[in-house]
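None of the figures in this text is laboratory data; all of them are computed from the coordinates on show. Predicted, not measured: the structure shown is a model, and the values here were computed from it. In this analysis, Cβ positions are derived from the backbone assuming ideal geometry, glycine residues included, and neighbour counts consider all displayed protein chains.
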Amino acid sequence: MTLQLMASPKFAALGADSLDTVEIVMGLEEEFEISVEEESAQSIATVQDAADLIEKLIEKKGA
């Protein structure tokens, strides 16, 4: 069985609460070796938001 995840669902719709979102951000920071500012972290509501932020921070890190 394969789980497909669309980019637009809100984390809350996937059953995540605010604590889960903090844990997600911490995991992203560790996995991608990036630092997410609190203001940016609060703007993450969907999977796509997270993907866009990761891409932006990785590009900024490489510049």
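Round to the nearest 10 and give me the degree value, 0 to 90, for the angle of helix 47-62's Cα axis relative to the longest principal axis of the chain. In the chain, helix 47-62 runs at an angle near 10 degrees to the longest axis. Free of any GluC sites (Glu not before Pro) that DSSP assigns to a loop and that have at most 11 other C-beta atoms within 10 Å, the longest stretch within the chain is 1-32. The computed Rg/Rh (Cα atoms, Kirkwood Rh) for the structure shown corresponds, within [x] 1.14; [y] 0.98; [z] 1.62, to [y].
Residues whose amide H comes within less than 5 Å of that of THR46, counting only those at least five positions distant or on another chain, are PHE11 (H built at 1.01 Å from N in the peptide plane).
Could you give the angle, 0 to 90 degrees to the nearest 10, between helix 18-32's Cα long axis and the longest principal axis of the Cα atoms of the chain? Helix 18-32 sits at roughly 50 degrees to that axis. Model label sites at GLN48 and ALA16, defined 7 Å from Cα along the beta-carbon direction, differ in position by 1.5 nm. Summing +1 for each Lys or Arg and -1 for each Asp or Glu among the other residues whose beta-carbon sits under 12 angstrom from that of PHE11 gives -3.
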